[in-house]
Amino acid sequence: MQSCDNTSAGVLVFREGKLLLIDRAKPPYGYAAPAGHVDDHGTPGDLEEERYRDAAHDELREETGLSASSLTLLGEGRKELACRRGGTWHYWRVYVAEASGEVVLNPDEAVRHIWCDKAQLEALLRGGAIETEHGSVTLEPVWIDWLGELDIVSQF
């Protein structure tokens, strides 16, 4: 397994007033926006911002099958979190995307998805669970932090 590079890019996708969340197939488990390590995304010589944007595009496509036609940076910063690759923190950039296509999950990355409405998101951000056709849903802790910090509820 590759070691942690302490960088992550995440992507928020809204459709019809709902936010896409995926249920991770690998740790950290829980519902989350599509995201992943920046690692070696982009090409040698790319600026750091280009590498994060390339990672965001690639992670969205890899995890959900969706293609981002635009990315807008919503926030960035360091978050403390344990990583299955051995890291204890990541520097994040979180984007909102205009995305096309239908959700087709990569089973190595996600086991299911939901389109979360405003009331459901409010419950999740309070640290609670919501009931769906797939059972009880909770958010990954880092996404409770990001979605709250970015005041995503106001995006609905």
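The values are calculated or read from the model by the stated rules, or taken from the named source; none is laboratory data. Remember, it's a predicted structure, so these values are computed and weren't measured experimentally. Neighbour counts run over all protein chains shown; Cβ positions are idealised from the backbone, glycine included. What goes into the accessible areas is simple: the full protein's heavy atoms, side chains included, and nothing from ligands, DNA or RNA. Shrake-Rupley method; radii C 1.70, N 1.55, O 1.52, S 1.80 Å.
List pairs: first in region 129-149 and in contact (Cβ under 8 Å) with a residue 40 or more places away in the chain and more than 12 Å from residue 112 (Cα to Cα), second surrounded by 14 or more Cβ atoms within 10 Å (Cβ to Cβ) and polar (S, T, N, Q), Cβ under 9 Å, 6+ apart or cross-chain? Filtered contacts from region 129-149: 142/8.
Among residues of region 11-28 that are open to solvent by 10 Å² or more (accessible area, probe 1.4 Å), those with a beta-carbon under 8 Å from a residue that is assigned to a strand (DSSP E or B) and charged (D, E, K, R) at least six positions away or on a different chain give the pairs 23/112. Return the residue satisfying two criteria in turn: it lies in region 100-130 and is assigned to a strand (DSSP E or B), of a type in the set (A, V, I, L, M, F, W, C) and within 14 Å of the chain's Cα centre (by Cα), and of such residues it is surrounded by the fewest Cβ atoms within 10 Å (Cβ to Cβ). Looking at the filtered set, the residue picked out is 115. Scanning region 29-41 for residues that are in a loop (DSSP other than H, G, I, E, B), modelled with pLDDT under 95 and crowded, with 19+ Cβ neighbours inside 10 Å yields 38, 41. In region 24-35, is there at least one residue being over 20 Å from residue 140 (Cα atoms), under 14 Å from the mean Cα position of the chain (by Cα) and not β-branched (Val, Ile, Thr)? No, region 24-35 contains no residue that is over 20 Å from residue 140 (Cα atoms), under 14 Å from the mean Cα position of the chain (by Cα) and not β-branched (Val, Ile, Thr). The numbered conditions (1) out of contact with any Pro (no Cβ under 9 Å at 6 or more places or on another chain); (2) assigned to a loop (DSSP other than H, G, I, E, B); (3) open to solvent by 20 Å² or more (accessible area, probe 1.4 Å) are all true for residue 96 except (2). When the residues of region 3-22 are filtered to those that are assigned to a loop (DSSP other than H, G, I, E, B) and among the small types (Gly, Ala, Ser), which remaining residue is nearest to residue 69 (Cα to Cα)? It comes out as 17.
Test residue 91 against the stated conditions and say whether it is of a type outside the set (Asp, Glu), assigned to a helix (DSSP H, G or I), within 29 Å of residue 1 (Cβ to Cβ) and modelled with pLDDT of 90 or more. In short, no. Selection within region 58-82: residues that are free of Cβ contacts under 8 Å to residues at least 24 places away in the same chain and part of a helix (DSSP H, G or I). The member of this set that is most open to solvent (accessible area, probe 1.4 Å) is 61.
Of everything in region 131-147 that is touching a Leu at 6+ places or on another chain (Cβ under 9 Å) and part of a loop (DSSP other than H, G, I, E, B), the residue that is most open to solvent (accessible area, probe 1.4 Å) is 138. Reported count of residues in region 46-57, each being open to solvent by 70 Å² or more (accessible area, probe 1.4 Å) and more than 14 Å from residue 92 (Cα to Cα), is 1.
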